[in-house]
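Pasting a structure here, questions to come.
Here, each number is a calculation from the coordinates, and none is a lab measurement. Model, not experiment: these values are computed from the prediction. All Cβ positions, glycine included, derive from the backbone under ideal geometry; neighbour counts span all protein chains shown.
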Amino acid sequence: MAKRIFITATNTDIGKTFATMHLLRQYASMGYRVGVIKPIETGVETLPLDGTKLLALVRSLNPAMAAVTLDDVVPIRFELPAAPYCANAARSIDLAPVDYAIEKIEARCDILIIEGAGGLYVPIDRETMMIDLIERYGAKTLLVSHCRLGCINDTLLSIKAMEAKSLDFIWTLNCRQDDQRFHKSSEPYFRDNFPDFTIFERDIVKIAEALLL
């Protein structure tokens, strides 16, 4: 079985796909055969936008992924851009296609990156939240947070949620060019309380290595 890494975030549009793609490149540069899956993607009118980008990249990095299809990379799709629970009218979602896809992709890689949708408590159906997929697939997790005002609260809430389930995880901050207030408005707290905190692009090698431990 490949090493499984789950990418989650404090909310939507934080940088999960960005982080996933950078980690795929990083691990490939370290000599690993990489694989990727996004179990559920919503807002899909024709083709899944995130899944299409991920498949193109992983095929360019690992020739064995030529046998992997878009249906494997994104097994479950919904048209409505909303939580799967809402996009599927609260009906139960069978995760068996995800299980089968993971088995197929893992046979062709050393490291499998699993990209979640939204944040940890995005509801999939009446029984399952996104955080439950981490336990289901036994993955080490990277929590991606943001650097805008409010990032302290958002980061701490997600950390507490993962600690409550005793999940194996690390976290990082994805700072963007327009996050100019971070150094004054939020960084002092992280520096004082988490002196080893990481910034994703700056510390990607450190992050990639920590996820393999």
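Suppose we filter the stretch 117-136 for residues that are in a loop (DSSP other than H, G, I, E, B) and under 20 Å from LEU213 (Cβ atoms); how many remain?
0
Picking from GLY35, GLY43, GLY31, which residue would you name as being surrounded by 23 or more Cβ atoms within 10 Å (Cβ to Cβ) and small (Gly, Ala, Ser)?
Selected residue: GLY35, the only one of GLY35, GLY43, GLY31 that is surrounded by 23 or more Cβ atoms within 10 Å (Cβ to Cβ) and small (Gly, Ala, Ser).
Pick from the stretch 81-110 the residues that are surrounded by fewer than 14 Cβ atoms within 10 Å (Cβ to Cβ) and not charged (D, E, K, R): which of them is nearest to THR128 (Cα to Cα)?
SER92
Now a separate question. Residue by residue through the stretch 137-186, note down the ones that are in a helix (DSSP H, G or I), in contact (Cβ under 8 Å) with a residue 24 or more places away in the chain and within 23 Å of GLU209 (Cα to Cα).
THR155, SER158, MET162
Confirm whether ALA89 is free of Cβ contacts under 8 Å to residues at least 12 places away in the same chain and either part of a helix (DSSP H, G or I) or among the small types (Gly, Ala, Ser) (or both).
yes
Let me ask something additional. Please work out if ILE114 is in a loop (DSSP other than H, G, I, E, B) and within 15 Å of the chain's Cα centre (by Cα).
No: the conditions fail for ILE114.
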